[in-house]
Amino acid sequence: MTTTIITAMIALDIAAALLRILFIIYGTFLNTLLNLEPLLVDAGLNSLLSDANLVVRLASLADVEALLKIEEECFEYPYDRLVFEEILRRRGCTILLAEVLDNPIGYVAFEKKGHVGTIISLGVVERFRHRGIGTYLMAQALTMLKGAGVRRVVLQVSVKNLAARRLYEKLGFKAEGLLRGYYRGEEDAILYSLE
């Protein structure tokens, strides 16, 4: 009996060591894939951390507060609590939430209706921009939409948001037209699509 317990403990130690090695390999692969620099997190000490700490997961109603914080930092006309709750409850809608060490840093919300997907919103907090997070979130959303049978993806973006427009164009989106007064009747948007 004692030999069996010792053998089981050794097997668990080996399994734990293998998991640690796989985590290191995955982190290195993610760094290479995304070509990310180390990310700076404000965790009281402003410590540098590895990109392997980036986690993207499905958001739930429990994440609404975190989504609101990101939204308010990112947008002049932010969505409110009711909008996020509606998105999270609506059939065919998904929100992917990006976190570093359990700190929410960005999200992408999207919807599938038939063969058309809509990117509802994409936001990354200021200190994590220009590091590939938005590109990664969009790639995940597009992969999920394509896997669900979507043939065309549309989105709207402010005419003033040059960084987002460059990102969408880099991903292959084409401008289709101007939506006057799209944002609360005050600001125009550009309609983009990807076939």
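Values quoted throughout were computed directly from the atomic coordinates according to the rules given, and no laboratory measurement underlies them. What you are looking at is a predicted structure, and each value in this text was computed from that prediction instead of being measured. In this analysis, Cβ positions are derived from the backbone assuming ideal geometry, glycine residues included, and neighbour counts consider all displayed protein chains.
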_Please enumerate, by chain and number, the lysines with C-alpha under 24 Å from the C-alpha of Lys113, excluding those fewer than 8 residues away in the same chain._
Lys146, Lys174
*Enumerate by residue number the trypsin sites (Lys or Arg not before Pro) in the range 161-195 meeting two conditions: DSSP loop (anything except H, G, I, E, B), and at most 10 other Cβ atoms within 10 Å of the site's Cβ.*
Arg184
*the range 61-116 to the range 128-155: how many Å between their Cα centroids?*
14
*Based on the Cβ-Cβ distance from Lys160 to Ala139, what FRET efficiency comes out when R0 is 30 Å, to the nearest 0.05?*
0.75
*Return a whole-number percent for the relative contact order of the range 40-183, with Cα pairs under 8 Å and 6 or more residues apart as the contact set.*
19
